[in-house]
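The values are calculated or read from the model by the stated rules, or taken from the named source; none is laboratory data. Here the structure is a predicted model, which is why all the values come from computation and not from measurement. FYI the Cβ positions are ideal-geometry reconstructions off the backbone, even for glycines, and counts take in every protein chain you see. Quick note on the areas: whole protein, heavy atoms, side chains included, nothing else; ligands and nucleic acids left out. Shrake-Rupley method; radii C 1.70, N 1.55, O 1.52, S 1.80 Å.
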Amino acid sequence: MSAPLLKVAGLTKAFGGLVAVDKLSFEVAPGEVIGLVGPNGSGKTTAMNLISGALRADRGSIRLGEAELVGLRPDRIVRHGVARTFQLVRVLGSLSCADNVAAGLAFHPGGAFGAGARERIHALLARVGLGGREELPAGELTYIDQKRLELARALALSPRLLLLDEWLAGLNPTELREGIALIRSLRDEGLTMILVEHVMEAVHALCNRCVVMNAGVLLADGPTAEVLRNPEVVRAYLGEDVETDDLPPPRLPTGEAATQLNLGAGGQHA
């Protein structure tokens, strides 16, 4: 069995008297896609902020391969191979799509400039379904296409670990199927990812394993279908006792639709 790519141990972060993340520990293997799930306020985004360096841990360890990330600035963590998207989309609205991706390339460990950078920008935009929109201002994109652009900027870093914070939230059913197919294609290429997600259809479709948080602590860690039917997990989400045998089966993407979408038609949504 290969060594974990990411190892989180005893991670703790408090804001005054509120402990947002409390001794959190879990591991992520190379090529694994895990769902980091839990009810609102459970500490998921705080955990993502700690891994990416947006917040500094009070205690604990975050190791990516052999590198300890706790205490490093976000720009140093990026250069170790961690990239992310945000719960609220953060594109540079006054800049073109190409310049947004170029901003990501600027932090690539190897650097990318000139003709090589232009080729990489075209390829990344096409990869997420934004081919041909290089010169369009990012602020003119639709919501889903701004999410695509933010993903292209993250991929410009050639990350070893990609953090997706509710990347599939707020999409209509057609956009959701397209988004699931796009993330699945990255998974199939071997990219290691952590998804903070409330869309259970996406969690079931993309994640073989889930880490569940509640009130800052680890509640469950295991295979997705098993964990999401755990009575303690159901109780944390619904706030009441529920017979898990009475829960409906998860609604998955229909047939082959989620894998046969034309991702090159980015922006042409119902």
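Only one of Thr142, Thr174 is in contact (Cβ under 8 Å) with a residue 24 or more places away in the chain, in the same structural domain as Gly43 (by TED's automatic domain parsing) and farther than 23 Å from Ile34 by Cα; which? Walk me through how you get there before you give the answer.
Working: Thr142 fails: in the same structural domain as Gly43 (by TED's automatic domain parsing).
Result: Thr174 is the single residue among Thr142, Thr174 that is in contact (Cβ under 8 Å) with a residue 24 or more places away in the chain, in the same structural domain as Gly43 (by TED's automatic domain parsing) and farther than 23 Å from Ile34 by Cα.
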- [ ] Could you tell me whether the range 240-261 includes any residue that is within 21 Å of Gly38 (Cβ to Cβ) and either at pLDDT 50 or above or in contact with a strand residue (DSSP E or B) (Cβ under 6 Å, 6 or more places away or on another chain) (or both)?
- [x] yes
Open item on the list: Condition first: of a type in the set (Ser, Thr, Tyr) and within 27 Å of Met200 (Cα to Cα). Now tell me which residues in the range 20-64 satisfy that.
Closed with: Ser25, Ser42, Thr45, Thr46, Ser52
Open item on the list: Yes or no: the range 73-90 includes at least one residue that is at pLDDT below 95, closer than 24 Å to Val234 by Cα, not in a helix (DSSP H, G or I) and not basic (Lys, Arg).
Closed with: yes
Open item on the list: Restricting to the range 14-60, name every residue that is among the small types (Gly, Ala, Ser), in contact with a Lys or Arg (Cβ under 9 Å, 6 or more places away or on another chain) and without any contact (Cβ under 8 Å) to a residue 24 or more places away in the chain.
Closed with: Ala54
Task: Of residues in the range 140-161 being outside any helix (DSSP H, G or I) and under 13 Å from the mean Cα position of the chain (by Cα), the one nearest to Val101 (Cα to Cα) - done: Pro159
TODO: Go through the range 7-29 and count every residue that is under 11 Å from Ser61 (Cβ atoms) and open to solvent by 30 Å² or more (accessible area, probe 1.4 Å).
DONE: 3
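Return yes when Arg84 is buried (at least 19 other Cβ atoms within 10 Å of the Cβ) and in contact with a helix residue (DSSP H, G or I) (Cβ under 8 Å, 6 or more places away or on another chain) and no when it is not. Steps first, answer last, please.
Details: buried (at least 19 other Cβ atoms within 10 Å of the Cβ): yes; in contact with a helix residue (DSSP H, G or I) (Cβ under 8 Å, 6 or more places away or on another chain): yes.
Answer is yes for this residue.
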- [ ] State which residue is farthest from Gly43 (Cα to Cα) when the search covers only the range 179-218 and only residues that are touching a Gly at 6+ places or on another chain (Cβ under 7 Å) and open to solvent by 10 Å² or more (accessible area, probe 1.4 Å).
- [x] Gly190
TODO: Quick one: Ile34 ticks every box in (1) open to solvent by 10 Å² or more (accessible area, probe 1.4 Å); (2) within 23 Å of Trp167 (Cβ to Cβ); (3) touching a strand residue (DSSP E or B) at 6+ places or on another chain (Cβ under 6 Å) except a single one, so which number is it?
DONE: (1)
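Being under 27 Å from Arg229 (Cα atoms) and over 20 Å from the mean Cα position of the chain (by Cα) is the filter here; which residues of the range 13-51 pass it?
Just the residues of the range 13-51 that are under 27 Å from Arg229 (Cα atoms), to begin with: 19-48.
Selection gives Val19, Asp22, Lys23.
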Task: Residue list for the range 106-155, filter: open to solvent by 40 Å² or more (accessible area, probe 1.4 Å), closer than 20 Å to Thr174 by Cβ and of a type in the set (Lys, Arg) - done: Arg127, Arg133
